[in-house]
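A.B. asks: There's a structure below that I have some questions on.
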Amino acid sequence: MQTSEKSDTDIRFVCRGTFVHSTAEEALQILEDALLGVDSKGKIAFIGEGKDLQKLSESFGFCSSAVTQLRQHEFFMPGMIDTHIHAPQYSYAGTALDMPLLQWLNTYTFPVESRFQDIEFAKKVYTQVVKRTLRNGTTTACYFATIHTDASLLLGQIANDFGQRALVGKVCMDRNDGVKYYRETSEESQEETYRFIKELLNKKYPLVKPVVTPRFAPSCTETLLAKLGEMAKNNKLHIQSHISENLKEVEWVKELFPNSESYTDIYHKCNLLTDKTIMAHGCHLSDEELVLFRKTGAALSHCPNSNISLCSGVLNVRNVLNHKVKLGLGTDVAGGYSPSILDAVRRALDSSKVLTIQDPEHKTLSFEEVFRLATLGGSQALSLDERTGNFKVGKDFDALRVNVAAPGGPIDLIQSEKPQILLEKFLNLGDDRNIVEVFVAGKKVVPFSEP
């Protein structure tokens with residue numbers, strides 16, 4: 001039994017049933033007939049066994065008759081964490097997947113993102129993407145916005161209003177020869193990023209924070225990259241960008257930065273590789289670059305749908321894990337067509353199996369390992385694992401109540417199944433219809449109560 005050892009803790013609610021989560025030691029830990037109490041601050045106050053109900057109710061001062069009992073075929077799991085998603089691109093998700101990365105950016109992405117100077121358009125799209133991801137079980141999202149400061153601040157406000165934990169980044173790009181009307185000067189980028197950071201922090205949102213966001217090395221001069229690294233360091237902020245997604249992109253980076261040893265070296269020299277850095281993709285990183293990721297504490301976001309949809313590459317997750325680099329999953333909307341981390345789980349498993357087809361010696365990922373990437377792994381990748389990622393006393397209660405046999409849902413249960421099987425079925429077959437409730441920091445955010 002885990003408890004906060006504070007008998008005077010004000011308990012908000014207690015749930016009883018099956019809880020599944022990951023720990024550093026176990027990819028999947030199943031707690032059957034468990035009791036979990038959440039305090040008035042939304043933190044996990046205790047985890048115990050059902051047989052200790054009377055003792056716990058006396059210790060923590062709650063009424064045993066008020067405990068929420070999970071139904072048959074239900075379980076709680078940690079909220080899923082999307083470590084890489086482009087909020088503005090949600091407006092065309094599910095389309096425009098017929099080109100490789102660099103042409104795709106110029107043809108589809110930059111023209112759409114330029115529209116976000118229109119605040120009403122931004123409000124419509126950002127409201128939809130926050131609500132959709134929450135319904136899909138994403139309790140934490142690491143968002144790219146656009147170069148527009150006010151619209152980026154609006155995304156932070158909307159995430160806060162709906163109760164989603166979020167890192168929000170105003171995109172920085174002072175170089176864009178493909179679509180010249182969608183870029184900033186270096187000075188504008190620095191000034192507007194500083195304004196964005198200052199204004200978002202001044203809002204004092206409890207769960208929404210800024211993240212320094214150079215789009216990727218090809219869209220930024222080295223001067224801008226260095227200034228952003230300095231800004232992140234001075235304000236102790238998270239950093240996000242892209243790296244080694246596509247082979248032509250990697251070659252282009254070599255031409256643009258001839259004095260750098262590697263793509264990773266560019267970011268490292270500009271102080272953009274820290275233990276609060278998350279880089280998307282990394283399909284074509286060398287082992288030497290992964291060593292640098294490990295040394296600096298920087299993390300990778302695995303975006304398998306996008307990697308496949310844009311024909312960018314297949315990340316060898318096993319090799320990343322063997323290098324002890326922090327790793328989470330990302331939807332990468334709209335290069336990835338689905339805004340659900342459940343889809344990222346499935347594509348991660350598929351990608352691993354493709355590598356095994358190519359090399360039978362490759363050790364395929366298990367669904368338990370990918371479950372950990374979707375939850376605890378994501379929190380570690382975003383350096384939020386002190387607050388979220390699993391059911392540990394003292395952490396925020398970010399959780400999904402899952403009913404595998406939800407009426408009208410996509411899963412048919414033929415017989416009674418053990419929790420491990422129920423989880424596997426949900427990961428492979430489930431969708432938002434199976435997600436009965438979503439909690440962030442102890443607050444029920446789905447079903448929605450409109451802000």
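A.B. asks: Where in the chain lies the longest segment free of chymotrypsin sites (Phe, Trp or Tyr not before Pro) that are both loop residues by DSSP (not H, G, I, E, B) and have at most 16 other Cβ atoms within 10 Å?
C.D. replies: Answer from the scan: 182-447.
A.B. asks: In nm, to one decimal, how far is the Leu102 label point from the Val179 one, both placed 7 Å along Cα→Cβ?
C.D. replies: Label-label distance for Leu102 and Val179, simple model: 1.7 nm.
A.B. asks: Separate question: What are the GluC sites (Glu not before Pro) within region 288-383 that DSSP puts in a loop, where the Cβ has at most 11 other Cβ atoms within 10 Å?
C.D. replies: For GluC sites (Glu not before Pro) across region 288-383 that sit outside H, G, I, E and B with at most 11 neighbouring Cβ atoms in 10 Å, the list reads Glu361.
A.B. asks: How big is D for the chain, in µm² s⁻¹ as a whole number, if Stokes-Einstein is applied with the Kirkwood radius of its Cα pairs at 37 °C and 0.692 mPa s?
C.D. replies: Taking Rh from Cα pairs, D becomes 147 µm²/s.
A.B. asks: With runs of 4+ DSSP H residues as the only contributors, calculate the mean residue ellipticity of the chain at 222 nm using -39,500 (n - 2.57) per run, divided by the residue total and rounded to the nearest 500.
C.D. replies: Value at 222 nm, helices only, nearest 500: -10000 deg cm²/dmol.
A.B. asks: OK, next. Just flag the trypsin sites (Lys or Arg not before Pro) in region 38-84 sitting in loop per DSSP whose Cβ has no more than 11 other Cβ atoms within 10 Å.
C.D. replies: Arg71
A.B. asks: Let me ask something else. In nm, what is the difference between 0.36 nm times the number of residues separating Glu437 and Asp412 and their Cα-Cα distance?
C.D. replies: Answer, rounded to one decimal: 7.0 nm.
A.B. asks: I would also like to ask the following. Scaled to the compact-protein estimate 2.2 N^0.38 Å, what is the alpha-carbon radius of gyration of region 1-141, rounded to two decimal places?
C.D. replies: Cα Rg divided by the expected 2.2 N^0.38 Å: 1.51.
A.B. asks: Rg/Rh for region 292-359: what does it come to with C-alpha atoms and Rh from Kirkwood?
C.D. replies: 0.98
A.B. asks: Can I ask one more? Please list, by residue number, every one of the trypsin sites (Lys or Arg not before Pro) in region 184-286 that is coil in DSSP and has at most 13 other beta-carbon atoms within 10 Å.
C.D. replies: Answer by residue number: Lys204, Lys236.
A.B. asks: Just grab the label-to-label distance for Asp150 and Val291, each label 7 Å out from Cα along the Cβ direction, in nm (one decimal).
C.D. replies: 5.0 nm
A.B. asks: Still on this structure, please answer the following. Only Cα pairs under 8 Å and at least 6 apart count here; give the relative contact order of the chain as a rounded whole percent.
C.D. replies: 19 percent
A.B. asks: In addition: Modelling each spin label as a point 7 Å along the Cα-to-Cβ direction, I'd like the Lys123/Lys248 distance in nm, to one decimal.
C.D. replies: Result for the modelled spin labels: 3.9 nm.
A.B. asks: Determine the gain in length on full extension of the stretch Gln72-Arg132; use 0.36 nm per residue of separation and subtract their C-alpha separation, reporting nm with one decimal.
C.D. replies: Extending this stretch completely gives an extra 18.9 nm.
A.B. asks: Roughly to the nearest percent, how much of the accessible area of region 268-375 is carbon and sulfur, given a 1.4 Å probe?
C.D. replies: 51 percent
A.B. asks: So what does log10 I(q)/I(0) come out to for region 191-261 at q = 0.23 Å⁻¹, using the Debye formula with one equal point on every Cα and no solvent?
C.D. replies: Evaluating at q = 0.23 Å⁻¹ gives log10 I(q)/I(0) of -1.03.
A.B. asks: Compute the length gained on full extension between Leu429 and Lys444: take 0.36 nm times their separation in residues and subtract their Cα-Cα distance, giving the result in nm to one decimal.
C.D. replies: Roughly 3.0 nm would be gained on extension.
A.B. asks: While we're on this one: Can you give the accessible area per residue of region 371-435, in Å², using a 1.4 Å probe?
C.D. replies: Accessible area per residue, region 371-435: 39 Å².
The values are calculated or read from the model by the stated rules, or taken from the named source; none is laboratory data. The structure displayed is predicted, hence computed values, not measured ones. As a convention, Cβ positions derive from the backbone with ideal geometry for all residues, glycine included, and neighbour counts pool all protein chains shown. Surface accessibility is based on the protein's heavy atoms, side chains included, excluding ligands, DNA and RNA. Shrake-Rupley method; radii C 1.70, N 1.55, O 1.52, S 1.80 Å.
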